[in-house]
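Peer 1: Sharing a structure here in structure tokens format.
The values are calculated or read from the model by the stated rules, or taken from the named source; none is laboratory data. Keep in mind the model is a prediction, meaning the values are calculated, not measured. Cβ: placed from backbone, ideal geometry, glycine included. Neighbour counts: every protein chain shown.
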Amino acid sequence: MISMRVSGDDLLLKRLERVKLTPQRRKNLVGRLGRKVESAARQRITRKLTLSGAPMAPKAAGKKARPWKGIKRSLRTRRIGNDTAEVSFKTPFAGRVAGQLQAGATQRVTAAALKKKDGGKPATKLQAKALKAENKGFRKMSVKAIQAKYSRGQAGRILRAVRDEPAKKSWTVRLPARPFLGITEGERSELVGMVRAEVAKGVSA
């Protein structure tokens, strides 16, 4: 599970101490800082961009990008005391998934588990296209027709036979890192500007 805490830099926090902001104003400030970080993370998910501004690694062929919708809905900002806001997730499960997306992960997949989960589902477009390309008996069939007639398990067995590949009992899947939670230098400058503005209010009050 991942989370991020926003406290501002040491110099600005000391300045906040000197102007003696009320506890409520301090709480409001760190809440706004946290929500700014949360909003930036949501925007990166929507735009499919990483913290560096690079496009996120594409999803695996045949896979739907369902996790991102749940991650966006689960993002939240929680204040901790008067000086800290934590950007995290509403449930431990969402936090674990977000951690895998953020840092990448390695998963061990077994044929038995995959068969139980996906074996009876229609063949993927990738499998159907591979069958058309590698087996003469499928070239006259459309991709949709192959998907309607063959399951993922059946398509996989046919492809292994055509390619003369042995059936694997297990294999490793590597999920690429897609860092989205954090702050860029530009966003850090915005946060510092927000703190400076609050300091200025305290000085002029």
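Peer 1: Which one is surrounded by the fewest Cβ atoms within 10 Å (Cβ to Cβ) among residues in the range 98-114 that are within 23 Å of the chain's Cα centre (by Cα) and closer than 24 Å to D164 by Cα?
Peer 2: The extreme case among them is R108.
Peer 1: (1) modelled with pLDDT of 90 or more; (2) under 30 Å from L21 (Cα atoms): which one isn't true of V192, the others all being true?
Peer 2: Of everything listed in (1) modelled with pLDDT of 90 or more; (2) under 30 Å from L21 (Cα atoms), V192 misses just condition (1).
Peer 1: Another question about this same structure. Under 30 Å from I158 (Cβ atoms), touching a strand residue (DSSP E or B) at 6+ places or on another chain (Cβ under 7 Å) and not assigned by TED's automatic domain parsing to the domain that holds T184, is that true of A123?
Peer 2: yes
Matching residues to (1) at pLDDT below 85; (2) among the hydroxyl-bearing types (S, T, Y); (3) in contact with a helix residue (DSSP H, G or I) (Cβ under 8 Å, 6 or more places away or on another chain); (4) not assigned by TED's automatic domain parsing to the domain that holds I183:
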residue: Q100; (1), (2), (3), (4): no, no, no, no
residue: K129; (1), (2), (3), (4): no, no, yes, yes
residue: K136; (1), (2), (3), (4): yes, no, no, yes
residue: R139; (1), (2), (3), (4): no, no, yes, yes
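Peer 1: Take the range 156-193 and flag every residue that is under 20 Å from L33 (Cα atoms) and of a type in the set (A, V, I, L, M, F, W, C).
Peer 2: F180, L181, I183, L191, V192
Peer 1: R66: surrounded by fewer than 16 Cβ atoms within 10 Å (Cβ to Cβ) and without any contact (Cβ under 8 Å) to a residue 24 or more places away in the chain, yes or no?
Peer 2: Yes: the conditions hold for R66.
Peer 1: Of all residues in the range 159-183, which are more than 25 Å from S88 (Cα to Cα) and in a loop (DSSP other than H, G, I, E, B)?
Peer 2: Taking the range 159-183 first, the residues more than 25 Å from S88 (Cα to Cα) are 159-173.
Passing the criteria: D164, E165, P166, A167, K168, K169.
Peer 1: Any residue that is modelled with pLDDT of 85 or more, assigned to a loop (DSSP other than H, G, I, E, B) and in contact with a helix residue (DSSP H, G or I) (Cβ under 8 Å, 6 or more places away or on another chain) - is there at least one of those in the range 72-83?
Peer 2: no
Peer 1: Shifting gears a bit: Going by what's in this entry, would R18 be described as modelled with pLDDT under 95, over 12 Å from the mean Cα position of the chain (by Cα) and surrounded by 15 or more Cβ atoms within 10 Å (Cβ to Cβ)?
Peer 2: no
Peer 1: Looking at G120, G186, G156, G137, can you tell me which residue is closer than 30 Å to S52 by Cα and either in a loop (DSSP other than H, G, I, E, B) or among the small types (G, A, S) (or both)?
Peer 2: G186
Peer 1: Which one is surrounded by the most Cβ atoms within 10 Å (Cβ to Cβ) among residues in the range 115-134 that are small (G, A, S) and more than 11 Å from Q147 (Cβ to Cβ)?
Peer 2: So the residue we want is A130.
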